[in-house]
Amino acid sequence: QVQLVESGGGLVQAGGSLRLSCAASGRSTSRYIMGWFRQAPGKERDFVAAITWSFGSTYYADSVKGRFTISRDVAQNTMYLQMRSLKPEDTATYYCAANPYGTRWSNSNAYDYWGQGTQVTVSS
C-alpha cells in the first residue's frame, strides 16, 4: 500500500502561483509513475502531469505545459506541482496518484493509489 497526502492548495488571483505537495509513505515508489490529476465540479478527472520516480522524466497535459512544473524529492519522498500563471479554468480539486505499472501515464485507471485531494481556486 502507498499512502498519499496532498497539501498546498488555496485561493489565488489569476496570474498568481501556488505549489502543491504530495507526501508518499508506505511501499516504495521507486519504480512508480507519480502523477497529478484535477477535477472541477461536474467534470471528469483530468490528467495534469506525471513524473517517473526513478529518473525524473516528466509528461504534461497540453493545457498546463509551460505553466506547471512537476518535480520530486526522492530523499523526502515528496512530489511537487509548481503552478504559475494560474487561470480561473485551473480551479479544481487536485489529486496526487501513484501508478505502479510504468505505463499509461495520463490514464487515471493506471493509478492505484490516490490522495484525498486539495482545492485550488483561481479568482478572476
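The values are calculated or read from the model by the stated rules, or taken from the named source; none is laboratory data. Only a predicted model underlies this, so the values are computations on that prediction, with no experimental measurement involved. Here the Cβ is made from the backbone with ideal geometry for all residues, glycine too, and neighbour counts use every protein chain on show. For the accessible areas, the whole protein counts, side chains as well, though only heavy atoms, and no ligand, DNA or RNA atoms are used. Shrake-Rupley method; radii C 1.70, N 1.55, O 1.52, S 1.80 Å.
Show me, bin by bin at 10 Å from 0, the whole-percent P(r) of region 1-64 based on Cα pairs.
Computed distribution, short to long bins: 17, 45, 32, 6.
Whole-Hz ³J(HN,Hα) for each residue in region 37-49, computed from phi via Karplus 6.51 cos²θ - 1.76 cosθ + 1.60 with θ = phi - 60°, x for glycine and proline: what do you get?
10, 9, 9, 8, x, x, 10, 6, 6, 10, 5, 10, 6
Hey, what's region 10-124 come to in accessible area per residue, 1.4 Å probe, Å²?
I get 51 Å² per residue for region 10-124.
Taking the Cβ-Cβ separation of E44 and S71 as r and a Förster radius of 22 Å, what is the calculated FRET efficiency to the nearest 0.05?
On the way: r = 26 Å, r/R0 = 1.18.
That gives a FRET efficiency of 0.25.
Counting only protein heavy atoms and using a 1.4 Å probe, what share of the accessible area of the chain belongs to carbon plus sulfur, as a whole percent?
Looking at the chain in its full context, I get 45 percent from C and S.
Express in whole angstrom the spacing between the alpha-carbon centres of region 58-114 and region 13-41.
Going from one Cα centre to the other spans 5 Å.
Could you work out the relative contact order of the chain? I mean the mean sequence separation of Cα pairs under 8 Å and 6+ apart, divided by the number of residues, in percent.
Here the relative contact order equals 36 percent.
How many percent of Cα pairs in region 1-123 exceed 26 Å?
In whole percent, the long-distance tail amounts to 12.
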